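Below is one structure; the comments refer to it alone.
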Amino acid sequence: MTEWGVVGVIVVLVGLFTAVCVPLIKSTKEQTQIMTELNVSVKNLSDDIAELSENNKEAHKRLWNHQEEQDKMLNNHETRIVILEKEGEKK
């Protein structure tokens, strides 16, 4: 093989190496960006779910407190009716 044949083989090998490695490097950078964006999205979703869970707990507490207040009012109303009925029987 002549010197120009060796140079040609080296040029072809460098070209092949470049043709294979450059897309791999670009792909790796893109995948790293995608993974970073995915991690940020997952963290945001986790934070949102935690916030929704806390809001849900507070809403349940308010509903149960409201229900207890209604039960007390209903019991007071029933007591007043019983008292009025007894007063009506006395007359």
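Quick note: the coordinates plus some simple rules give every number you see, no bench work behind them. Since the structure is predicted, the reported quantities are computational estimates derived from the model, not experimental observations. Because the Cβ atoms are built from the backbone with ideal geometry, glycine has one as well, and the counts that use them run over all protein chains shown.
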Any chance I10 is among the hydrophobic types (A, V, I, L, M, F, W, C), over 30 Å from the mean Cα position of the chain (by Cα), surrounded by 10 or more Cβ atoms within 10 Å (Cβ to Cβ) and in a helix (DSSP H, G or I): yes
Residues (under 30 Å from the mean Cα position of the chain (by Cα) and not in a helix (DSSP H, G or I)) located in region 52-91: none
Filter result for K26 (exposed (fewer than 10 other Cβ atoms within 10 Å of the Cβ) and out of contact with any strand residue (DSSP E or B) (no Cβ under 6 Å at 6 or more places or on another chain)): no
